[in-house]
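Asks: Quick one: the structure is below, questions incoming.
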Ligand SMILES: [Zn+2]
């Protein structure tokens with residue numbers, strides 16, 4: 001690993017050719033012991049069914065060593081069973097995010113779990129799973145977040161790494177648009193969805209991932225229109241879908257008895273999906289993302305475009321004790337700290 005250091009005021013910058021092939025990165029050696037990599041305290045097991053496969057699945061999240069990242073392991077398969085949730089390993093982003101390794105072994109619907117891990121600041125974990133799809137549970141990230149919070153989070157001595165967006169990058173597909181641009185310290189997700197269905201209609205929300213209370217985002221469930229259910233089933237999807245794990249909207253009516261969990265549940269769920277898909281960058285991101293009508297595929301296309309060119313981003317490693325306020329304000333980094 002090649003690196004050199006430049007002193008600038010109190011901050012030590014180093015440039016580093018990291019092991020990630022696309023990363024010709026800058027490391028800002030700025031001081032923060034609290035911003036260290038985290039894992040979970042002990043194993044957590046979830047049992048449920050896959051939303052699309054309908055298959056029964058048991059999944060155990062285990063603590064992992066610093067710098068291992070999030071790793072999926074298909075324990076029902078003996079060989080080549082490791083799958084890394086990386087943007088380049090996304091094999092399908094239609095209706096859910098599926099990742100595959102080079103032998104074609106896959107795990108799908110990873111986005112709600114990844115969103116929970118991202119928001120809670122879990123850098124390292126081994127996710128052992130005995131089937132092809134992450135359990136959908138209640139259709140949101142609520143149960144993942146509650147279980148991880150109850151189990152507790154373990155700090156390490158290893159510094160976190162952050163991807164800082166340096167240039168504005170856009171990706172459009174018809175009326176679907178997404179862009180990400182530099183921001184000083186935060187990850188902002190400004191998301192809009194537009195449905196002809198009046199019950200859903202147009203919803204927009206802005207979430208500051210490291211600062212906002214993410215409860216509504218975590219709790220927001222996946223949704224679909226009643227008239228799309230047959231189409232999804234014809235595509236071999238939504239086999240495990242029911243009113244306990246998805247919101248179903250029929251004309252101006254919600255088929256779920258207890259109504260919505262929050263006023264902007266539809267767009268908040270899209271923000272949860274977006275957070276989960278952004279974590280496939282491998283690190284937390286500092287940038288401002290604006291999306292209209294997007295989804296898994298658009299987020300993946302945007303990230304692929306960002307990482308095509310080393311000038312679009314820097315990889316920042318935070319290693320020392322005190323962060324200069326000029327660069328970053330620790331109190332703003334709730335989910336990291
Ligand atoms: Zn979702």
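Asks: List pairs: first residue in the range 197-208 and farther than 14 Å from residue 262 by Cα, second residue loosely packed, with under 14 Cβ neighbours inside 10 Å and at pLDDT below 95 anywhere in the structure, Cβ distance under 9 angstrom, at least six positions apart or on different chains.
Replies: 197/251; 197/252; 198/251; 198/252
Asks: Working carefully through the options 146, 128, find the one that is surrounded by fewer than 23 Cβ atoms within 10 Å (Cβ to Cβ) and without any contact (Cβ under 8 Å) to a residue 24 or more places away in the chain. Quick ask: steps written out before the conclusion?
Replies: Numbers: 128 fails: without any contact (Cβ under 8 Å) to a residue 24 or more places away in the chain.
Criteria check complete, one pass: 146.
Asks: Then there is this: Determine which single condition residue 104 fails, assuming it passes every other condition in (1) touching a helix residue (DSSP H, G or I) at 6+ places or on another chain (Cβ under 8 Å); (2) surrounded by fewer than 17 Cβ atoms within 10 Å (Cβ to Cβ); (3) part of a loop (DSSP other than H, G, I, E, B); (4) not assigned by TED's automatic domain parsing to the domain that holds residue 293.
Replies: That leaves (1) as the condition not met.
Asks: Return only the number of the condition from (1) more than 16 Å from the ligand (Cβ to nearest atom); (2) closer than 27 Å to residue 215 by Cα that residue 113 does not satisfy.
Replies: Of everything listed in (1) more than 16 Å from the ligand (Cβ to nearest atom); (2) closer than 27 Å to residue 215 by Cα, residue 113 misses just condition (1).
Asks: Taking residue 123 as meeting all but one of (1) away from the ligand (no atom under 15 Å from the Cβ); (2) on the phi > 0 side of the Ramachandran plot, write down the number of the exception.
Replies: (2)
Asks: For the range 201-217, name all the residues that are outside any strand (DSSP E or B), in contact with a helix residue (DSSP H, G or I) (Cβ under 6 Å, 6 or more places away or on another chain) and at pLDDT 95 or above.
Replies: 214, 216, 217 - these are the residues of the range 201-217 that are outside any strand (DSSP E or B), in contact with a helix residue (DSSP H, G or I) (Cβ under 6 Å, 6 or more places away or on another chain) and at pLDDT 95 or above.
Every residue, every condition in (1) closer than 24 Å to residue 71 by Cβ; (2) under 15 Å from the mean Cα position of the chain (by Cα); (3) away from the ligand (no atom under 16 Å from the Cβ); (4) part of a loop (DSSP other than H, G, I, E, B), yes or no:
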| residue | (1), (2), (3), (4) |
| --- | --- |
| 140 | yes, yes, no, yes |
| 144 | yes, yes, no, no |
| 148 | yes, no, yes, no |
| 154 | yes, no, yes, no |
| 185 | no, no, yes, yes |
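The values are calculated or read from the model by the stated rules, or taken from the named source; none is laboratory data. These numbers come from a predicted model, not from an experiment. Because the Cβ atoms are built from the backbone with ideal geometry, glycine has one as well, and the counts that use them run over all protein chains shown.
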